[in-house]
Amino acid sequence: MTTFQKIKSTTTFNPPSDWLQIKTIDLHTGGEPLRVIVDGFPELNGNSVLAYRGDVKNRFDHLRKALMYEPRGHADMYGCLLIPPNDEEADFGIIFMHNEGYSTMCGHAIIAIATLAVQMGWVEIVSPITNLKIDAPCGRINAFVRIEEGQVKGVYFHGVPSFVVANDLEIEVNGLGTIKYDLAYGGAFYAYVDAHQLNLELTPANYTQLIQKGMAIKHAIMQSDIKIEHPFEEDLSFLYGTIFIGGPVSEGIDSRNVCIFADGEVDRCPTGSGVSGRMPLHYFKNEIQIGEEMSIESITGSVFKGAVVQETTYGKYPAVIPYVEGTAHITGQHTFFIDPNDPFKEGFFLR
């Protein structure tokens with residue numbers, strides 16, 4: 001047998017017994033990646049999503065880095081780990097992870113994991129709508145998968161109560177001057193900034209500027225006296241990112257979002273939790289009514305639909321239940337090996 005014939009007949013590598021093997025299925029939602037860990041992750045201790053998340057942070061953060069960072073990932077990689085739900089009424093729980101750590105909510109991940117759950121047969125498929133209940137760190141998310149002729153055609157979800165912390169705040173940012181912003185929560189806290197005040201077009205050509213300015217604004221707010229406080233969970237009380245809002249680039253679209261989150265990640269999709277946070281901003285300014293849809297595009301041109309399902313209250317805040325819709329697609333499946341002798345086994349990232 002020639003060497004080439006051996007190559008063609010031997011395509012599976014069997015690693016030594018001391019190498020860790022972690023299996024994933026990768027997807028994207030509007031261009032934003034999601035790496036779903038499906039096997040090989042060590043067993044966690046806990047009895048709730050927040051407890052499991054704490055255990056991952058305390059004992060297995062090196063595995064987050066290994067799967068999110070180079071050489072297995074990249075600076076803008078995003079992932080999730082499926083865990084038991086908080087109670088038997090939900091289908092499963094989920095922990096979100098990225099280059100900086102662990103987020104409280106991720107709409108693009110909800111859209112992707114609901115798509116995957118149906119395509120993998122993890123849940124009973126009901127046509128035309130399959131409903132999943134997913135326990136995230138921020139609370140329970142109801143996801144709805146549209147089914148046509150046995151195929152997934154899209155996913156929408158009803159998020160956790162979303163609210164406005166404050167409108168028209170101002171912050172002094174080195175190199176940028178006085179920046180006005182709104183502070184709102186859609187499962188995570190964001191500073192919403194009108195990009196026009198920076199003369200900044202929300203296009204790929206300005207990718208580096210968006211990162212630099214978005215992070216400068218985020219850090220300035222974090223270092224200010226502005227309090228970021230979740231009504232019920234201290235663990236959720238932090239500013240996740242800056243969302244620049246601008247006019248649409250594509251026809252038939254209402255607006256454009258570019259979210260700079262975690263350690264300078266740029267969301268390729270319109271940001272599900274960011275769209276959720278925009279719904280109370282527009283609703284309480286009487287710019288949209290209950291059930292009225294907005295179409296919001298991302299830096300890649302992918303589109304989410306957003307709307308308000310109903311009014312509610314959340315702690316001391318008037319709030320809404322948001323609706324967000326998008327589509328996701330599977331891109332691959334992987335078995336990652338972690339060689340204990342690899343000097344880069346925990347990864348690195350460069351920007």
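The values are calculated or read from the model by the stated rules, or taken from the named source; none is laboratory data. What you are looking at is a predicted structure, and each value in this text was computed from that prediction instead of being measured. Don't worry about glycine lacking a Cβ; one is built from the backbone with ideal geometry, like all the others, and counts go over all protein chains shown.
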**Report entry** From LYS227, LYS218, residue being closer than 22 Å to TYR102 by Cα and in a helix (DSSP H, G or I)
**Finding:** LYS218
Query raised in the report: Somewhere in segment 140-162, is a residue surrounded by 19 or more Cβ atoms within 10 Å (Cβ to Cβ) and aromatic (Phe, Trp, Tyr)?
Result: yes
Report task. Considering each of ALA109, ALA166 in turn, give the residue that is assigned by TED's automatic domain parsing to the domain that holds GLY274 and hydrophobic (A, V, I, L, M, F, W, C). Result -> ALA166
Query - Residue check, LEU81 aliphatic (A, V, I, L, M) and within 14 Å of ILE113 (Cα to Cα) - result: yes
Query raised in the report: Can you name the number of the only condition in (1) among the small types (Gly, Ala, Ser); (2) modelled with pLDDT of 95 or more; (3) closer than 23 Å to VAL308 by Cβ that GLY247 fails?
Result: (2)
Query - Qualifying position, being touching a residue at least 24 places away in the same chain (Cβ under 8 Å), among the hydroxyl-bearing types (Ser, Thr, Tyr), out of contact with any Asp or Glu (no Cβ under 7 Å at 6 or more places or on another chain) and not assigned by TED's automatic domain parsing to the domain that holds LEU210, among TYR102, TYR78 - result: TYR102
Query - Within segment 164-191, tally of residues that are among the β-branched types (Val, Ile, Thr) and under 20 Å from PHE96 (Cα atoms) - result: 0
Query raised in the report: Yes or no: LEU169 out of contact with any strand residue (DSSP E or B) (no Cβ under 6 Å at 6 or more places or on another chain), hydrophobic (A, V, I, L, M, F, W, C) and over 23 Å from GLU311 (Cα atoms)?
Result: no
Requested in this report: Please work out which residue is surrounded by the fewest Cβ atoms within 10 Å (Cβ to Cβ), limiting yourself to segment 239-265 and to residues that are more than 16 Å from the chain's Cα centre (by Cα) and outside any strand (DSSP E or B).
Outcome: GLU251
**Report entry** Where a residue in segment 289-303 is farther than 15 Å from THR327 by Cβ and its partner, wherever it lies, is among the aliphatic types (A, V, I, L, M) and part of a loop (DSSP other than H, G, I, E, B), with Cβ under 8 Å and at least six apart
**Finding:** MET294/ILE288; ILE299/LEU202
Query raised in the report: Taking helices (runs of 4 or more DSSP H) that do not extend beyond segment 1-75, which have at least 1 residues that are of a type in the set (Val, Ile, Thr) and more than 17 Å from PHE336 (Cβ to Cβ)?
Result: 3-9, 49-59
